[in-house]
Amino acid sequence: MNIPYINDKLFWEIVTAVIILLVGWVVIRLLIHIEKKMLEKSSLDSSVYILIMRVTRIVLWILLIMTILNQFEQVSMAPFVAVIGTIGAAIALALKDSLGNVAGGIILLFTKPFVQGDEVQLNGVTGVIDHIDLLTTTMHTYDNREIIVPNGVVTTSMVINSSRRELRRVDCMFSVGYETDIDRAKEVLKNIVTEGPLLLSEPEPWIGVSAHGESSIQIDFKVWCATADRYLAKTYLEETVKRRFEEEGISIPYPQMDVHLVTTSEKN
């Protein structure tokens, strides 16, 4: 069996390359571990620092491979770099949309328009953010559908973040009859705010007549609450106002139609 001859120089180049590979692998793992610990202590969202770690790992491995190839005297780095540049240019042209998504992910990393757990509206779809990846942002809707939005679309779309602020205003509108004492109706609504466990007296709620309808007066009722309680607060207001108006004898009109039958007698 013929064993290919390997001269001493090539042998030590291979040994050196293997050592660099092993040491580099350990160093990369160590650096990623340190980076993860630092990012976990930062204010960044977990989905964001996962993106940073992935990019860091890719860059470190590219540098390690370049360092290993540079150990071989027979390997000229100039053609290798030229080929990499050509391939990179071709890939960039073929994957320009994907690269746009990567750029979008980097923009999201620094601007942070939302974080994991935020309720947002992206590209006309409302959901809760699950994580931000290198190419896409994943969220789920309240009926548990998974939505995957390319980062390039996210950065060029209007983003509505419903969770960023600590307080939210709940807007309701109630109809009362024209015979209703408006001051009494407003007093009942104010008492509901005072008694409501989820409602806030500060900022002060806004209560006032907004329109005169054909058969009723429209009263706007705008109350503040904690952002996390806004859906419960909305339900509480709708149910409680209905009961309290009934208890106070305040009529809630509904559309009615009077039909008059006119009979005529025919003369022969």
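Derivation of every value follows stated rules applied to the coordinates shown; laboratory data play no part. Quantities reported herein were computed from a predicted structural model and do not represent experimental measurements. Cβ: placed from backbone, ideal geometry, glycine included. Neighbour counts: every protein chain shown.
Considering only the other residues whose Cβ falls under 12 Å of the Cβ of residue 60, what net charge follows from Lys and Arg at +1 and Asp and Glu at -1? Write out the running numbers ahead of the final one.
Details: positive: 29, 54, 57; negative: 35.
So the environment of residue 60 carries a net charge of +2.
Straight distance only, please: which lysines reach the Cα of residue 234 with their own Cα at less than 25 Å, same-chain residues fewer than 8 apart left out?
186, 190, 222, 242
For segment 137-268, what does the alpha-carbon gyration tensor say about shape, rounded, prolate or oblate, given a ≥ b ≥ c as the root eigenvalues, a/c under 1.5 as rounded, and a/b over b/c as prolate?
Oblate.
Can you list, largest first and rounded to whole Å, the semi-axes you get for segment 118-209 by taking the square root of 5 times each eigenvalue of its Cα gyration tensor?
Over the Cα atoms of segment 118-209, the ellipsoid semi-axes are 40, 14, 11 Å.
Quick one: length gained pulling residue 17 to residue 72 fully straight, 0.36 nm per residue minus the C-alpha distance?
Details: separation 55, 0.36 × 55 = 19.80 nm, distance 0.82 nm.
Answer, rounded to one decimal: 19.0 nm.
Let's test this: bin the Cα-Cα distances of segment 105-161 at 5 Å from zero up to the farthest pair and state each bin's percent.
4, 23, 37, 27, 7, 2, 0
Count charges around residue 222 for me, please; just the other residues with Cβ under 13 Å from its Cβ, Lys/Arg as +1, Asp/Glu as -1. Before the final figure, lay out each step's value.
Values: positive: 168, 169, 186, 190, 230, 234; negative: 171, 204, 220.
Its environment carries a net charge of +3.
Quick check on the exposure proxy: order 140, 212 from fewest to most C-beta atoms within 10 angstrom. Before the final figure, lay out each step's value.
Working: 140 13, 212 9.
So the residues, fewest neighbours to most, are 212, 140.
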